[in-house]
Every structure is written in C-alpha cells, then in structure tokens.
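The values are calculated or read from the model by the stated rules, or taken from the named source; none is laboratory data. Because the structure is predicted, anything quoted here is derived from the model rather than measured. Note that each Cβ is placed from the backbone with ideal geometry, even for glycine, and that neighbours are counted across all protein chains shown. Just so you know, the surface numbers come from the protein's heavy atoms only, side chains and all, with ligands and any DNA or RNA stripped out. Shrake-Rupley method; radii C 1.70, N 1.55, O 1.52, S 1.80 Å.
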Amino acid sequence: MVVIDTRLAAGLDEISAGFAVFDENLKLVFCNARYPLIRGYPAALCKPGVELTELFRYNAARGDYGDGDVKVHVTERVAQIQRGNVTVDQVLGDGRVLAARYRPLACGGLATTYEDVTEMRRAEIALRHDQTRYELVTQAVSEGLYDWDIGSGQLQVSTRLNALFDFKQGELTSYDWVARVHPDDIASYRAALRAHFTGKTSVLHAEYRIRDKADTIRWVEDHGLSIRNEAGRAVRLVGAVSDITSRKNAERALRESEERYSLAMSAINEGVYDWDLTRDEIFYSPNVMEVLGFTGLEMSTPKDWIRRIHPEDLPAYQAAWAAHFRGETRRFFCEMRYRHADGSTHWARQHGTGVRDGSGRVVRVVGSTGDITAEKILAHERDEARTRLFVALESISQGFALFDAEDRLLMCNSQYRRFFTQASDPEVSAMIVPGMRFEDYVRKAYEKGMYPDAGSDIDAYLRSRLERRRAAGSGFELKLRDGTWLYVSERRTNDSGLVAVYTDITDVKNRESELRAARLAAETALADLRAAQDRLVQTEKLASLGQVTAGIAHEIKNPLNFVNNFSALSAELVGEMKEALSGIDLDKNKREELDEIAQMLKDNLEKVVQHGKRADSIVKNMLQHSREASGEHRPSDINVIVDESLNLAYHGARAEKAGFSIALQRHLDPSVGMADVYPQEITRVLLNLISNGFYATTKRKAEAGDGFEPTLIAATKNLGDKVEIRIRDNGTGIPEGVKDKIFNPFFTTKPTGEGTGLGLSMSHDIIVKQHGGSIDVETEPGLFTEFKIVLPRTNRR
C-alpha cells in the first residue's frame, strides 16, 4: 500500500507537473492539484480508488488518442505501461503536448507525471528548423564562391556558381558579370562596390538582378570582403553569391497579399488590432481609427474601447470574450453598439483569435474591427419593408407565392397555404415550406388526387403545368379536390423568379353553373312556347282552312256533281241517239259522219266524267288535309299502332290489287311502351308512308322482274323520353333533286291521276306541328327509302 505523507503532498501541489500515484492494482492513491488541471479531468475521476483504466477510457473517449475503438486504445495503453519505464509525448486535441512518464514503484504500484512541454517542443522544432536553414545557407554560400583579382580583372568562381547560372568553367569573367547586371540595378551595384572599396562599409552587401546564360533574369544576394594592400587599397574581393529569386518572388507576393488584405479591409470597412493581454496594451491599424472615427489618444488602451460599448450590449460582449478565453469558441465574434467620436450611437462588428501560452491561457488576441452602422440601418429598413410586405400580403384575399429561379418557394401568405392545405392530406400540406420545389409539390398533390381534372397521365399533366409556368403569360383556372376553383396568374420577375397569385373564383363558377342551368331552362321554355305557338297557329290555320275548304266543297261539290251526273246522262243519251238514228234511212256517208260525231261526243263526255271524278277526289283530300285532329288524345301503345297500321295497309293493298305481294318485317322494341299521341292521326301517317312504300316496291318489281322481292320493314326504338318509328322499303327511292320538296303541299312524284301531293305534307303537319316531333327521310335512288319519325312521350298541347 502506497502512503503519501501530508507534507509531501503539500509540496507536490507546488510543482508545475501533474503527479499521481497508483497502487499495485492500478487504482489511484494520490494526485497533486496540478494533475487534474493539466489533464482536464473532472474532480470525480481524481478521487482515490479510481482505476487507471478509467482515466485511459476518458482520454480515449474525448479523442486524446485519435480515432479508433476506445477499448483498443485502453488495452494498448495498459500494455505500454507494463513494459517498465515509459516516457511518451501525447498531443491533445487543443494542440498542447504533454510529456507522460510512467515509473513502477519498488513497493508496488505506479507513479505517473504529466508535464506541459508544448513550448519546449515548439522551441525544439524551431531550433531544428533554424539549424536546417543555417546548413542550407552555408552550403549555398560555399557553392557560390568567387575570388576577384581587381588589378588583373581575373575572376575565379566555384563550380556551384557556374552551375547556378548555367555557365561552363572559364566562361564567366568579371567584365561579363558586370555586363549581365540588370540596367536598373547597375548604378546601385557599383555604388555598393565603391562604398566598400573606399572603406565606407566593412563588407560588401548588395542585392540585384542579373541575366543567366539563357538571359533569364535572376535575383542574387552578393556578400563580399575585400583584401587590401599595405597602402589600404582593395586589390582583391572574395565573396559568395546566393540565388534569392524565390525569396524576392515571395516578398513580392507578400507585398501583393498585404496590399490585397489592406484593400479588402478597406472594402469591408474594417481595420486590424493586436491586443497584448500580458501587458494590457493594444495596437490599432490606422484604418481602425479612420473607420471608428477616433484618434490614438481616445483609444490608447483596451479599456477605452470597452467604456464606449453600449451598456445593454456589454454583458454579451464580455460573455463572448469569456467563452473564447475558456476555449469554447474557435474565434471571438460579437456585434455591439458603441458611442462614436461624434457622440452618436453606432454599430460595430469585432472578430478575434486568441494566441495561447503553454498552459493554454490566452496571452494575445489578433483580429479586426469595423463599423457596420450602415449595414444595420439597411438591414433594419429591409426588415421593416419585409414586415410591411408580409402584412400587406396577409391582408389580401388572394393566395400569394414567390419562387426563385430554380422554382423553389421563397415565401407565401397564409391564404396560399389555406388553399393548398384544406384540400389535401397532411403529407402534401407539410411540403408547403420555404425551399419546396414546385414540381415536387405538384407531383405529390397529383398522386394524392388533389387535381380532379388532371387526367390519367401524370407526366403529360406535369409537362403542361411546367410549360405554362415557363411561359408565365395568361392566367388559367384550376379546380381542387374539395370543389374550390382558383384563377392562377403567374408572372416572371427580373431575376428569373416567379410570382403566382391565386384568386378564389368558386362563387363565380357556381353562379355561372346556375346561370347556364337557368338559361337552358329558359331556352327550353322558349322552344316549348314557340312550338306551342306554332301548333296554335297551325291549328288556327287548319281551322280556317277547314272552314274555307268546307265552303269551297259546298260551292264546288254541287256544280261538280251536276257536271258529273249530266255528263254520264249525256253519254247515255248519245247511245240512245245512235239507236234512234239507226232506223232512219240515210246515205252511207252521212251515216258514217253521224256515227263519227256521236262517238267523239261520247268519248268527250267520258273524259269529262273521268276528270270530274278526279276533281271530286282532290276536294275530298283537301277536306281531309284541313280537318282538325280527330279522335282522342291519350297514351297509346306505339307498337300496337305500328302493327295495326301494317295490317290495314297490307290488306287494303291486296283488296285493291289482285296478286299484290310484299315481305313485311317487324323490328319492334318491346321497351318502347306508351306515348301521349292522337292514335288515329299517327295511324293516318303510317298508312300514308306504308302505302307509298308499297307503291315504290311494286314499281321497282315491275322494272326489275321476277328476281326482285319487295320488302318493307317497320321498326320502333325506345329513346327514353322519346320514341322512334322507322318505315323502310327497298323500292325505287327518291331522286336527290326532289328530296327537299316531298313535304310541300301538292308535290308528288307519281304520274298524273295517281297522287294528289297532299299525303306527305299532311303527315309532316301531324308529326311536327300537331305532336311536336320530327320526320326525316333517308334515301338512295334505286335502292331504298327510309322515313324516321321521332315523337315525344309527353305531348305538350
């Protein structure tokens, strides 16, 4: 057990080295006061009983042994001290060098000492450097020797001097050497020689430029000593020449660097200071005084500056220095207010770096100080402008966003965030922060379904948005998932950034939708009103026409009957007259003449009868065409009407013409159902269309022969609130030139006596004007004709 005497312990506390004793188990028995300070150990690690390995582990953990595993470092250190007397230098993280010595004790245990040898090691390094430089200089001088016989002019030079300027032995003479000196330096060189030869200088020392063999300018330093005769006259000069081109270049570079530094200090409105803490003296460069507006007398000591610091900023200034002195900061930095020479308050910025002695204490600070009042005023004005801008942007109802040239968000107001957070999920909302890339946000928002009108191709949508953004021209409308409509206006800034303004136009879009619906309803009502007006006018026309036609019928019917009756009677009388004349004896010529006249009279009377009957038929059709809608207006089964019409037309045609034959096809949609119509009028239309189809197919069969099969197709179709009826035949078709005239009254393509031209006109009026539907025709001459009728299910009368 190692025991430390109290007096010995007190004496050990006075030594500059850290000292500690460990027992045979390498547990701490004693350490002096310097030991934890020099090693930087906390008090808890320097109590008796602490194992040496714990101290090694603490050192390794804070990086005293460099990088690597802590356990490995500890194992290596234990193995090292077990080898006996050990002395090693340890370089700490703060740059200090500690000489660590481990000595085993005869009574068991271990004694360790730590001594700060930082300055010693630095001095050793500097000494080695000085020795190296001395050896190099000595070697250079010895290799660049010359011996000049002034009287004879002979010059002896060393091999190194020839090699230095690329000359061969014997090529360099004293006259040639002088001729190679730079013209700007020849005067100073000769002046240095003259001063030495006349005894004004004890040795020759000159620096000048000279051309080597390749005519490259080199700087040399010439040291020489003259040998004099009994009369005191210099007759010989022995010296050494060194090539100092690199040094001169370095000096020039240093001057240029110092000039640049001076210019930089002037540019940033700062100057340099050098504070010696040991003597409490401070040096300020002239531009510090100029920048801060002081003279040397006002700022002669460090305290002069401290007294001028604003009271509110002084605690922070002192705390910054304290932190740097403790090693907590790599360099000192502080901005503070101070009292200017004119009495006003200015702002200053101060930097500094402390130089420490061997114990780690700061003994010197070198840094810079500058006045930043203008910068602070500008920053304050900028902050106020930014605040005003922020308040203004927050007060508007539009969303505002500013992006940089790389399309990253710089700033936005809360309304912008509200637009794009209330309609998105948290992952998208969290992206709206400064630095957000616009393309990244749009892609994520698209993936989350934020743009319902974007389509299914995300790349195409992104290209469209980015191209529109690059153009930054006219605005566009954008719909969000929650139904919000935004009008987006984007404009480029002078620095290639972008300003985007988002206006909520949801109410406008809703009103537009309501207006469109109202306009559609008004247009529908107007169309219905016009249709009703047309039907009313037509009804009135038909009523008037019916009345007129009835009058005409009564007026024409009687004389027409008289003509027809008496024509038939006269024809019979002509026959009776012929019979009566047959009993009279007449000559042959006379009889033949009478017979011929009687026959002509009979033929004429028959023609009168024929055309009278046709006139009677026309009058009847006119009455039928102008007759008001007959029958009851009621819901009727469309398929039943079509089927009955087919049957009526077919049987009527067979009764009228023996041998009539046609193939009938029914394509009736079971879902057609009921429609609100005048069933008798629809039947009239269908009978007319079917009869026309029978006529056209019969005519084509007559032209084509037995190989042609007449066919007529009747079809129906459910159109929701409407029904469709189609009548198609494979007859002769309708010529293109007359297709647009077929619905005109009294227009017919049938031969004279076979059609009145009122059937399709009547059908058009019944379908369009009476029922509010439509009737169209599609035809191909020589192939087919198809009539399409569309009727509303509910007829608004």
What is the log10 of I(q)/I(0) for segment 125-250, computed with the Debye formula using one identical point scatterer on each Cα and no solvent, at q = 0.10, 0.14, 0.22 Å⁻¹?
-0.33, -0.64, -1.42
Considering the zone a paramagnetic label at Arg211 would reach in this model (a point 7 Å from Cα along the Cα-to-Cβ line), which residues of segment 168-205 have amide N under 19 Å from it?
168, 171-190
Reach of Lys213 by Cα under 25 Å, taken over lysines that are not fewer than 8 positions away in the same chain
Lys168, Lys248
If I model a spin label at Ile597 and Ala525 as a point 7 Å from the Cα along the Cα→Cβ vector, what separation in nanometres do I get?
8.0 nm
Filter the cross-link list Lys613/Lys769; Lys741/Lys769; Lys717/Lys788; Lys657/Lys699 down to pairs whose alpha-carbon distance in this structure exceeds 21 Å.
Lys613/Lys769
Label 7 Å along Cα→Cβ of Thr794; segment 498-519 residues with amide nitrogen under 15 Å?
none
Between Phe390 and Arg339, the FRET efficiency computed from the C-beta separation at R0 = 30 Å comes out, to the nearest 0.05, as 0.30
Take the solvent-accessible surface of the protein heavy atoms, probe 1.4 Å, and return the percent of it on the chain that carbon and sulfur atoms account for.
54 percent
With each run of n ≥ 4 DSSP H residues scored as -39500 (n - 2.57), what mean residue ellipticity at 222 nm is computed for the chain after dividing by its residue count and rounding to the nearest 500 deg cm²/dmol?
-15000 deg cm²/dmol
Using a 10 Å cut-off on Cβ atoms, rank the peptides 519-525, 40-46 from the highest mean neighbour count down.
40-46, 519-525
Estimated D of the chain in µm² per second, where Rh is the Kirkwood radius over Cα pairs and Stokes-Einstein applies at 10 °C, 1.306 mPa s
36 µm²/s
Can you give the FRET efficiency for Asp740 and Asp587, using 1/(1 + (r/R0)^6), R0 = 51 Å, r = Cβ-Cβ distance, to the nearest 0.05?
0.20
Note to self: with every protein chain in place and a 1.4 Å probe, segment 269-378 gives an accessible area per residue in Å² of 53 Å²
Ratio of Rg to Rh for segment 391-447, alpha carbon only, Kirkwood?
0.96
Candidate cut points under GluC sites (Glu not before Pro) in segment 317-422, DSSP loop plus at most 10 other Cβ atoms within 10 Å of their own Cβ, are Glu328, Glu406
Hey, for a label at Ile458 modelled as a point 7 Å past Cα toward Cβ, could you say which residues of segment 481-501 have their backbone N under 20 Å away?
481-482
Rough spin-label spacing in nm, given labels placed 7 Å along Cα→Cβ, for Asp94 and Asp383
3.5 nm
Below 8 Å between Cα atoms, with a sequence gap of 6+, how large is the relative contact order for segment 631-792 in percent?
23 percent
For Lys444, list the lysines whose Cα falls under 17 Å from its own Cα; do not include residues on the same chain fewer than 8 positions away.
Lys479
Per q in 0.16, 0.18, 0.20, 0.25 1/Å, what log10 I(q)/I(0) does a Debye calculation on the alpha-carbon atoms of segment 396-496 return?
-0.69, -0.91, -1.17, -1.96
Just to be sure I understand the model, the point goes 7 Å from the Cα along the line to the Cβ. What's the resulting Val363 to Glu375 distance in nm?
3.2 nm
Peptides 397-403, 679-685 ordered by average Cβ neighbours within 10 Å, highest first
679-685, 397-403
Between the alpha-carbon centers of segment 658-711 and segment 275-323, tell me the distance in whole angstrom.
118 Å
Can you tell me the order of 79-85, 27-33, 100-106 when each peptide is scored by its average per-residue count of other Cβ atoms within 10 angstrom, highest first?
27-33, 100-106, 79-85
Calculated Rg and Dmax of segment 9-122 using C-alpha coordinates, Å
13.4, 39
Between Arg233 and Gln318, what is 0.36 nm times their sequence separation minus the Cα-Cα distance? Round to one decimal in nm.
23.7 nm
Note on segment 631-792: the mean projected area of its alpha-carbon convex hull, in nm², is 9.5 nm²
Check the straight Cα-Cα distances from Lys578 and name the lysines below 20 Å, setting aside those fewer than 8 residues away within the same chain.
Lys588, Lys590, Lys602, Lys607
